[in-house]
Amino acid sequence: MKESSNKVIVGALLGISGLLMAISTLLIGQDVSLQRVLDFYLLDSVMSSQYASLLAGFTFLGMAIIAMLSIKKRKYQGVLSAFLLVISIVPLLTLLDSSRWIADLGGFPAIGSGQGIIKYFALLALAIHFLYAEKMTIRQQQWVQLFPVVLVLLWIGGMKFTEIEAQGIEDLVRSSPLMSWMYHLWSVQTASNLIGIYDLIALGLLVLSVYFQRVLWLGILMAGAVMLTTQTFLFTWPPALSSDTVLSSGGQFLIKDLWFVANLVLFTCLAIKQSKQAQLRD
């Protein structure tokens, strides 16, 4: 994968996801998740959730525009990094709030709240890449891009073995032509367990691929399939889309997986570059 191609793909993924997030956030007006952010930062008495939605929406719109501009002009990457840092760090700090976690499950992120927040690590990793790639080794860059993917596969994959998550994904799986067949063969919990096992195998292969090039493509394909299958839910799961706001809050949760695809694209490019350098040394 050429560096120029990787720049186009990453820019397009950020542009598309940013635009959809911007439109839906601006149209939703009042969002429970944004209200939680205001409460965490003690801004609820200063700013209404409606104004917070406007601010968040225009920030996502700025990210989308700058991401598309950065495809052809490298000078915009610094500005893009600033947008990515703000968009990621503001919600990530709210993970310090206990409401984002399920205490009874040993600290897993809560469905639709904590799980949605940890996805912002993907944007943080991209920001670090744009800012510090030239100061890091290829191996360090790989780990930066791999971290958010491993984190989400570990947490969300691990949650699949719990009853609350198995029931939480039931409507999504039943709506999908790619996955609904699982319920014809297994129970809701068994199907969820199998999905969790798949996620954890993909995670393991990705980690191994840092040191063993032979498993790179299998790990990428398995992890990529997780993220891309999530995108199909936008078209098969009715609550994902809204006639008023384009994406519902559930649709926003799903579209964020495009950020992990961007991480995987960069990770793959770096792995290939690392392999070529190793061959030259040999």
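The values are calculated or read from the model by the stated rules, or taken from the named source; none is laboratory data. Please read these numbers as outputs of a predicted model, since none were measured by experiment. Every residue, glycine as well, gets a Cβ built from its backbone with ideal geometry; the counts of neighbours run over all protein chains shown.
See the values below:
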| read-out | value |
| --- | --- |
| Conditions (1) of a type in the set (A, V, I, L, M, F, W, C); (2) crowded, with 20+ Cβ neighbours inside 10 Å; (3) over 22 Å from L126 (Cα atoms); (4) at pLDDT 90 or above: number failed by L200 | (2) |
| All helices (runs of 4 or more DSSP H) inside the stretch 1-77 with 2 or more residues being under 17 Å from the mean Cα position of the chain (by Cα), over 24 Å from T94 (Cβ atoms) and among the aliphatic types (A, V, I, L, M) | 3-28 |
| Checking W155 against (1) within 26 Å of V210 (Cα to Cα); (2) within 14 Å of the chain's Cα centre (by Cα); (3) at pLDDT 95 or above, the condition it does not meet | (3) |
| First in the stretch 256-277 and surrounded by fewer than 24 Cβ atoms within 10 Å (Cβ to Cβ), second anywhere and at pLDDT 95 or above and not in a helix (DSSP H, G or I), Cβ under 8 Å, 6 or more apart | K256/Y120 |
| Helices (runs of 4 or more DSSP H) contained entirely in the stretch 121-236, each with at least 3 residues that are within 22 Å of N263 (Cα to Cα) and touching a helix residue (DSSP H, G or I) at 6+ places or on another chain (Cβ under 8 Å) | 121-132, 138-159, 188-209, 216-236 |
| Conditions (1) among the charged types (D, E, K, R); (2) under 15 Å from I117 (Cβ atoms); (3) surrounded by fewer than 18 Cβ atoms within 10 Å (Cβ to Cβ); number of the one not met by D44 | (2) |
| Hey, V207 β-branched (V, I, T), within 15 Å of M222 (Cβ to Cβ) and modelled with pLDDT under 95 or not | no |
| Qualifying position, being over 23 Å from Q115 (Cα atoms) and modelled with pLDDT of 95 or more, among G62, G15 | G62 |
| Residue under evaluation T236, criteria (1) at pLDDT 90 or above; (2) under 17 Å from L13 (Cβ atoms), criterion not met | (2) |
| Residues satisfying the stated conditions in the stretch 243-255, i.e. crowded, with 16+ Cβ neighbours inside 10 Å and more than 11 Å from the chain's Cα centre (by Cα) | T245, V246, L247, S248, S249, G250, G251 |
